[in-house]
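Quick notes on the structure that follows.
Computed from the coordinates by the stated procedures, all read-outs in this text should not be read as laboratory data. Just so it is clear, the structure is predicted and the values come from calculations on it, not from any experiment. Here the Cβ is made from the backbone with ideal geometry for all residues, glycine too, and neighbour counts use every protein chain on show.
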Amino acid sequence: MEIGKIGIVGAGQMGNGIAHVSAMAGYDVILNDMSDDRLEKALKTIEKNTARQVASGKISEADRDAAMARISTTPNITDLGVADLIIESATEDEAVKRKIFTSLVPAIGADTVLASNTSSISITRLASITDRPERFIGIHFMNPVPVMELVEIIRGIATEDDTFEVAKAYVARIGKTSAVAEDFPAFMVNRILLPMINEAVYTLYEGVGSVEAIDTAMKLGANHPMGPLQLADFIGLDTCLSVMQVLYDGLADSKYRPCPLLVKYVEAGWLGRKTNRGFYDYRGETPVPTR
């Protein structure tokens, strides 16, 4: 199947990144979100990020202009019916994703491939609520999408080979490297990464080290480019908690129990960079640890 037009549900950090790389690869893109403000913000973010690529010499001004012209936006999810491949990139909440796919199914053609950018939720389970589990697949991007080279591809139990090949070809065309994961909770990257972050929060919770000490220790002691608590703020503490809950519920192993301190931060609305407070306070000129 030839993919010409990409539909994207969700114009947040991940969705606008997927739109960016898809348009740069020559795909026509329809970006959907219920909020006109988020759609406008997404376009401004893509414009800013592509301008940075022009300034660094990675792309030409003409390529940037052509890519921006390929992106259209709509608040109506049914407008995605003309897309060949639709990638859902909404919040990491299964109920929200199920509602999206239920809304999409009546509007799309028989050959349309559906994909989810979920970082942890069962592809098989999401596919089962659609009329095409054989044409449903997981395409999980890393954040920030324009920078990170990896994309996880996850087959559900019913995903057909043709759908898998479509996903692989799409990932290759946008210049990313694919890694195939089995459909188990949190797949590969987050199955390894999020328990490490959760353990860092436990280390803070138990008073073993401060925010600054824990991040410094992992940056200098393990050669990580970013400390685990700084990374948690970047990902979003609500997303971190959601993934840990999926792991804990799906695998029934106490080692995946979300740290109570992580729960408390999310309950406070301190979700990291996107709310200007998390394990660091970002409201000043430089981030300040909150513990």
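What to note about this one:
- Inter-part distance where the stretch 6-72 and the stretch 145-196 are each reduced to a Cα centre, Å: 21
- For the stretch 187-291, size of Cβ-based charge dipole, Lys and Arg +1, Asp and Glu -1, in debye: 100
- Distant-in-sequence amide H partners of Leu271 (H built 1.01 Å from N, under 5 Å): Arg277
- Positive-end residue of Met196, Ile235, Ala268, charge dipole of the stretch 189-289 with Cβ unit charges: Ile235
- Here Val82, Val145 are placed in order of increasing Cβ neighbour count within 10 Å, fewest first, which gives Val82, Val145.
- Modelled FRET efficiency - R0 25 Å, Leu251 with Ser178, Cβ distances, 0.05 increments: 0.55
- Candidates Asp37, Asp63, Asp215: whichever shows maximal mean-square fluctuation once the chain is modelled as a Gaussian network with Cα springs under 10 Å: Asp37
- Eligible lysines near Lys44 by straight Cα distance, threshold 24 Å, same-chain separation 8 or greater: Lys5, Lys58, Lys176, Lys274
- Residues considered: Asn276, Asn190, Asn198. Largest GNM mean-square fluctuation over the chain, using C-alpha springs under 10 Å, is found at Asn276.
- Angle of helix 36-55 to the longest C-alpha principal axis of the chain, folded into 0 to 90 degrees and rounded to 10: 80°.
- Just checking the listed ones, Leu237, Leu150, Leu193: in the Gaussian network model of the chain with Cα springs under 10 Å, the one fluctuating most is Leu193.
- Amide H to amide H distances under 5 Å link Tyr280 with Thr290, where only residues 5 or more positions off or on other chains count and H is placed in the peptide plane.
- Residues whose placed amide H lies under 5 Å from that of Ile137, excluding near-sequence neighbours: Leu114, Ala115, Ser116
- Of Ser122, Thr102, Met148, farthest towards positive along the dipole that unit charges on Lys, Arg, Asp, Glu beta carbons give the stretch 5-181: Met148
- Estimated from the Cβ-Cβ distance and a Förster radius of 25 angstrom, the FRET efficiency linking Ser35 and Arg98 is about 0.80.
- Potential lengthening between Tyr205 and Glu165 on full extension [0.36 nm per residue; Cα-Cα distance subtracted]: 9.9 nm
- Computed P(r) (all Cα pairs; the chain; 10 Å bins; percent): 6, 27, 34, 24, 8, 1
- Simple label model, 7 Å out from Cα along Cβ direction - Val263 to Thr91, nm: 1.9
- Under the convention that each Lys and Arg Cβ holds +1 and each Asp and Glu Cβ holds -1, the size of the dipole of the chain around its Cα centre is about 580 debye.
- Rounded to the nearest 20 debye, the dipole size of the stretch 120-227 about its Cα centre is 180 debye, using +1 on the Cβ of Lys and Arg and -1 on the Cβ of Asp and Glu.
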